[in-house]
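Some notes on the structure that comes next.
The values are calculated or read from the model by the stated rules, or taken from the named source; none is laboratory data. This one's a predicted model, so the numbers in the text were calculated from it and none came from an experiment. Heads up, the Cβs are rebuilt from the backbone with ideal geometry, glycines too, and the neighbour counts pull from every protein chain shown. For the accessible areas, the whole protein counts, side chains as well, though only heavy atoms, and no ligand, DNA or RNA atoms are used. Shrake-Rupley method; radii C 1.70, N 1.55, O 1.52, S 1.80 Å.
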Amino acid sequence: MSLQELLQQIVNGLVVGSVYGLVALGYTMVYGIVRLINFAQGALFEAGAYLGVAIFGLLGAFATHQPLVGLLIALVLSALLTGGLAYVVERVAYRPLRNAPPLAPLVSSLATFFLIISIIQVITGAQPLNYPQVLSVTPWTIGPVTLAPTSLLIAVVAILLMGGIHFYVQRTKMGKAMRAIAVNRNAAALMGINTTWVVTFTFMLGGAMAAVAGVLFGVEYGSVTYNMGEFYGLVAFTAAVLGGIGNVPGALVGGLTVGVLSSFATIFLPNQWQEAIVFAILILVLALRPQGILGERVAERA
Amino acid sequence: MTTQTMGNGLRWLGVLGATAGLALLVAACGSPSTTTAPKPQLVIGFANPITGAEATYGVSDLNAVNMAADQINAQGGVAGHKIKIISCDTKADPATGIACAHLFVSDNVNAVIGFFNSDISIPASGILHAAGIPMVSGASTNPQLTLQGFKNVFRICGTDNFQGQVEADFVYNVLHIKTAVAINDEETYGQGVSQYFVSNFQKLGGRILSQQGVQATTTDFTSLLTQIKSLNPGAIQFGGFNPAAGLLAKQAKELGINVPFISDDGTIGPLFYQTGGTATVGAYLSSEPAPQDLATAKGFVSEYVSKFGNQPTEFAGYNFDCVHVIAQAVLAANSIAPASIIKGLAGIHDYHGVTGVVNFDSVGNNITPQYLIYRVQPGGGNAVDWNPNTKGA
């Protein structure tokens, strides 16, 4: 294999990995604060992608003339709407189970996942839907690698957002409240923090990030399918675990690592094995380094 | 063309329909004896989906078959035998379609045209084989139909395998490209087309640099395409369906792979362009021709349009030719006995129909089937780019 091919595979992996990272953020933030693996995250990613299709549809001709403005509107609106959906999910599926054994909300999150995906399947009739083409497909050649404008846009938006979330958690009052709840929820409540709202807000933020990832995914691949949330939800979960679940920068590190590793997998194994490799990574991490690359929780590192 | 099956729910309705049809037929057969027909009629059973999801095709095929019969009858019939078409609606449902086959057997028809869907044609051909009735298909493209060892089965349209052959011919001899990679979606249809592309391309002297299977559900092909890029192929061939085809075409362009992309009639249609966007413009797609795209079918199309007020669909021309080919076989055998028609069909030589030249090989496939290479135009439409029957173009 040539050096050029190696570098190109790394770039491919980083682009797809940044989308994984964005979805992984939702897993990791929720886990860091309430110790719950929110499997509905994959469905929120899918819901965000489908809302993006609907928004582009409503924008109609405007989006064809101003594709970048259209994309910005789709990203913001889809994030807000999916954040709202995450609010509903938290209110209906998790809050009533707050004091139940930990297994109950986990099962509830799986049920929510399948519920959302089934609703999308029923509404769209399981037909793949298409995104408009936002940017040209003609790639740039940067040294030995080629990079499509859309791919660069995706990586930049995803990494900027993850940086923004890291800053938000570390530097703002709400972020401080999140970290406080992660350390000790009861003590945080006694300090006057509205823990209920902070937890809800964390869910919403995770949902919004999943929606952004969903819309970026749609723009990159041009086509969304009703079961995309299953595979990408699990890959993002793998990324969160690999990076260190509960650790915000870990989501980025995990996402990029999974992206690059699965990209490399095709060098050594037939192409069909690409998806299996991702989950082999998950098993290996859980067996060998369960705390992930960057270690455990956001609060302990704060 | 893929086959499609509707539920079995219509089975009883089908049996009921078949029984009613039989009753009507007995009544119908009873009356014409009073007319002055010097020779017995040449009765052709025609089975297609006349109602249901695929009715657009079936109705158009029925129109074409009736048109051919009327033309021949207006000229005095086939050596004096007037053609009578008995139409049976399969509803694209195998159980109903098989009831049609039984109906034809009990009616002692002289020949059958049908059954549109490959998954009906295959079991129905067995029933007709047992009864010794010739069957000509103008729409079922699954290779299996003619691989059962039945001497009574003939097919005018191409098979899925021929597509791969036409693609290889086009890439090697028209585009003058000598290296290619072949990708398929690991489903029977896509694998078949791709495999036949590979073997024919190699037979012509071309080199296949890599042959890859992908999962139809995959959305990210960039790492596969990066490997392909380093192989520096002259063309990329894909056997399968959308969205995989559109995604591959798009991601190849995004990686700077600017070589021709060739796919098949599983891909042709609006979804390819919707998924792949402008990256699909210029891609080549093999497909059986629409009659509108055939120079030989100009007269057929204009007469059809003036008679029925709409355009004939993809397989109407083939079904029109089916009637004429059966008539030719009757003339050659000088008999309307089913066994003689089978012999006559096997001996068909260079029949020039509206869809092209018909010659049957030993298993009953047309050895000069029509497949055209279409090219995706800006805006997503398809235009004929190459016709293998006018080679060198």
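Pairing each residue of region A:137-149 that is at the interface with another protein chain (Cβ under 7 Å from one of its Cβ atoms) and within 9 Å of B:E254 (Cβ to Cβ) with any residue that is open to solvent by less than 20 Å² (accessible area, probe 1.4 Å) and among the β-branched types (V, I, T), provided the two are 6+ apart or on different chains, yields C-beta distances under 8 Å for A:V137/A:T150; A:P139/A:T146; A:A148/A:V137. Just one of (1) within 26 Å of the chain's Cα centre (by Cα); (2) farther than 22 Å from B:G158 by Cα; (3) more than 11 Å from every other protein chain (Cβ to nearest Cβ); (4) crowded, with 19+ Cβ neighbours inside 10 Å fails for B:S302. It is (4).
Annotation note: of B:A235, B:A283, B:A252, B:A297, the sole residue that is under 16 Å from B:I177 (Cβ atoms), hydrophobic (A, V, I, L, M, F, W, C) and in contact with a Pro (Cβ under 7 Å, 6 or more places away or on another chain) is B:A235. On the given criteria, is B:S362 assigned to a helix (DSSP H, G or I), free of Cβ contacts under 8 Å to residues at least 12 places away in the same chain and surrounded by fewer than 18 Cβ atoms within 10 Å (Cβ to Cβ)? In short, no. Taken over region B:134-151, residues that are open to solvent by 10 Å² or more (accessible area, probe 1.4 Å) and farther than 19 Å from B:D93 by Cα amount to 6. Taking into account only those residues within region B:146-201 that are in contact with a strand residue (DSSP E or B) (Cβ under 8 Å, 6 or more places away or on another chain) and acidic (D, E), which is modelled with the lowest pLDDT? Residue satisfying both the conditions and the ranking: B:E186. Residues considered: A:I277, A:I281, A:I245. Of these, the only one that is part of a helix (DSSP H, G or I) and more than 14 Å from every other protein chain (Cβ to nearest Cβ) is A:I281. Would you confirm whether or not region B:100-111 contains a residue that is modelled with pLDDT of 95 or more, farther than 24 Å from B:A55 by Cα and in contact with a Phe, Trp or Tyr (Cβ under 9 Å, 6 or more places away or on another chain)? Looking through region B:100-111, none of the residues is modelled with pLDDT of 95 or more, farther than 24 Å from B:A55 by Cα and in contact with a Phe, Trp or Tyr (Cβ under 9 Å, 6 or more places away or on another chain). You will find that of B:G58, B:G52, B:G76, the residue that is modelled with pLDDT of 80 or more and in a loop (DSSP other than H, G, I, E, B) is B:G76 and no other. B:I156 meets each of the listed conditions (1) closer than 30 Å to B:L103 by Cα; (2) out of contact with any Asp or Glu (no Cβ under 9 Å at 6 or more places or on another chain); (3) open to solvent by less than 10 Å² (accessible area, probe 1.4 Å); (4) not hydroxyl-bearing (S, T, Y) apart from (2). For region B:100-123, the set of residues classified as assigned to a helix (DSSP H, G or I) and buried (at least 24 other Cβ atoms within 10 Å of the Cβ) consists of B:C100, B:A101, B:F104, B:I120, B:S121, listed by residue number.
Give the residue, chosen from A:V258, A:V253, that is open to solvent by 10 Å² or more (accessible area, probe 1.4 Å), under 14 Å from the mean Cα position of the chain (by Cα) and away from chain B (no Cβ under 11 Å). Among A:V258, A:V253, only A:V253 is open to solvent by 10 Å² or more (accessible area, probe 1.4 Å), under 14 Å from the mean Cα position of the chain (by Cα) and away from chain B (no Cβ under 11 Å). At least 3 residues being of a type in the set (G, A, S), closer than 30 Å to B:N258 by Cβ and open to solvent by 10 Å² or more (accessible area, probe 1.4 Å) is the threshold, and among the helices (runs of 4 or more DSSP H) wholly inside region A:123-217 not one reaches it.
With respect to A:V248, is the statement that it is closer than 25 Å to A:Q170 by Cβ and either crowded, with 24+ Cβ neighbours inside 10 Å or not small (G, A, S) (or both) true? Against the criterion (closer than 25 Å to A:Q170 by Cβ and either crowded, with 24+ Cβ neighbours inside 10 Å or not small (G, A, S) (or both)), A:V248 qualifies.
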